[in-house]
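Report on one structure; see the data block that follows.
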Amino acid sequence: MRQQILSIEQTRQKIRRIAYEIYERNFEEEEIVLAGIAGQGYEFARLLAKELQDISPIKTSLAEMLFDKEKPHKSEITFRNELVLTDGKVVIMADDVLNTGRTLAFALQPFLQHRLKKLQVAVIVDRDHRNFPVSADYVGYALSTTFNEHVEVVLSREGEEGVYLK
C-alpha cells in the first residue's frame with residue numbers, strides 16, 4: 001500500500017525553499033555545480049537549478065552522477081554531462097532520499113580529488129537511519145520511519161508526482 005506524504009505542490013514548495021537556502025548560503029558565488037544522483041536525485045537537481053535561475057544571478061551547472069546504487073563499492077562513478085571540476089568550486093550533491101548515507105558516502109569519491117570551496121548535500125527527504133557519517137545541509141522534509149518502510153519520491157511521472165510511504 002502506498003500512502004502519499006507530500007503532494008506535488010508541497011514537494012515543489014520544499015524544493016523552492018531549498019533553492020532559497022542554497023542562495024542564502026552561497027549568495028557571493030558566481031557559479032554552483034549541482035550534481036544529481038541518477039534517477040530522482042538528478043530530477044531534483046534539475047528542478048533546483050531551475051529555481052536557482054529564477055531567484056538568483058548565480059550560474060548553475062548540472063551533472064548527472066551514474067553508478068550502481070546497489071553495489072556502489074564495485075561501481076565506477078561517471079557523469080552523463082561533461083562536468084568540469086576545478087579547484088575553488090561550490091558543489092551541491094542532490095539526491096531524493098537520505099537513508100543510511102551509503103549512496104552519498106560513495107558518491108563523494110570523485111569530488112575528493114579536487115580542492116573544492118564547498119561540498120554540500122541537498123535531499124528532499126531525510127529518513128535519519130544513518131550507518132555512514134553523512135548528513136544533509138539542505139533538507140526538504142525530515143521523516144521518522146521504520147526500517148521496513150520505503151520512501152519513494154516521484155518527480156518525473158506526470159500525475160504521480162509527490163512523496164510516498166510504502
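If neighbour count is taken as other Cβ atoms inside 10 Å, put VAL153, VAL121 in order from fewest to most.
So the ranking, lowest neighbour count to highest, is VAL121, VAL153.
Check SER61: other-chain or 5+ apart residues with amide H under 5 Å from its amide H, H built from backbone geometry?
ILE32, VAL33, LEU34
If contacts are Cα pairs under 8 angstrom and at least 6 residues apart, what is the relative contact order of the chain in percent?
27 percent
Report the charge-dipole magnitude of the chain in Debye, nearest 20, computed about the Cα centre from +1 at each Lys and Arg Cβ and -1 at each Asp and Glu Cβ.
320 debye
Only counting other Cβ atoms within 10 Å, I'd like ASP68, ASP126 sorted with the fewest neighbours first.
Result, fewest neighbours first: ASP68, ASP126.
Can you compute the charge dipole magnitude of the range 31-75 about its Cα centre, using +1 on each Lys and Arg Cβ and -1 on each Asp and Glu Cβ, nothing else charged? Give it in debye, rounded to the nearest 20.
Using Cβ point charges on Lys, Arg, Asp and Glu, the range 31-75 gives about 140 debye.
Please report the base-10 log of the normalised intensity I(q)/I(0) for the range 6-87, using a Debye sum with one equal scatterer per alpha carbon and no solvent, at each q in 0.11, 0.13, 0.21 (1/Å).
Computed log10 I(q)/I(0) values: -0.34, -0.46, -0.99.
State the extension gain, in nm to one decimal, for the chain segment bounded by ASN131 and GLU76, taking 0.36 nm per residue of separation less the distance between their alpha-carbons.
Full extension from ASN131 to GLU76 adds 17.6 nm.
Which loop-located trypsin sites (Lys or Arg not before Pro) does the range 24-124 contain, where loop means any DSSP state but H, G, I, E or B and the Cβ has at most 13 other Cβ atoms within 10 Å?
Filter output for the range 24-124: ARG80, ARG115, LYS117.
Could you give the dipole magnitude of the range 1-91 about its Cα centre, charging the beta-carbon of Lys and Arg +1 and that of Asp and Glu -1, in debye to the nearest 20?
Computed about the Cα centre, the dipole is about 480 debye.
What is the calculated FRET efficiency for ILE55 to LYS117, with r their C-beta to C-beta distance and R₀ = 35 Å, to the nearest 0.05?
In this case the efficiency is close to 0.95.
Kindly count the pairs of lysines across the range 17-166 whose alpha carbons are less than 28 Å apart, treating pairs on different chains or eight or more residues apart as eligible.
Pairs that pass both the separation and distance tests number 18.
Given a cut-off of under 8 Å on Cα pairs at least six residues apart, what relative contact order in percent is computed for the range 81-166?
Dividing the mean separation by the residue count of the range 81-166 yields 27 percent.
Sorted from fewest to most neighbouring beta carbons within 10 Å, what does the list THR145, THR78, THR103 look like?
Fewest to most other Cβ atoms nearby, the residues stand as THR78, THR145, THR103.
Send over the semi-axes of the range 21-166's equivalent ellipsoid, whole angstrom and largest first, taken as the square roots of 5 times the C-alpha gyration tensor eigenvalues.
Over the Cα atoms of the range 21-166, the ellipsoid semi-axes are 23, 18, 15 Å.
What length, rounded to one decimal in nm, is gained on full extension from ARG102 through to GLU30, with 0.36 nm per residue of separation minus their alpha-carbon distance?
Here the answer is 22.8 nm.
No value in this document is a laboratory result; all are computed from the given coordinates. Worth saying up front: this structure is predicted, and the values here are computed from it rather than measured. Glycine also receives a Cβ, built like all others from the backbone with ideal geometry; neighbour counts cover every protein chain displayed.
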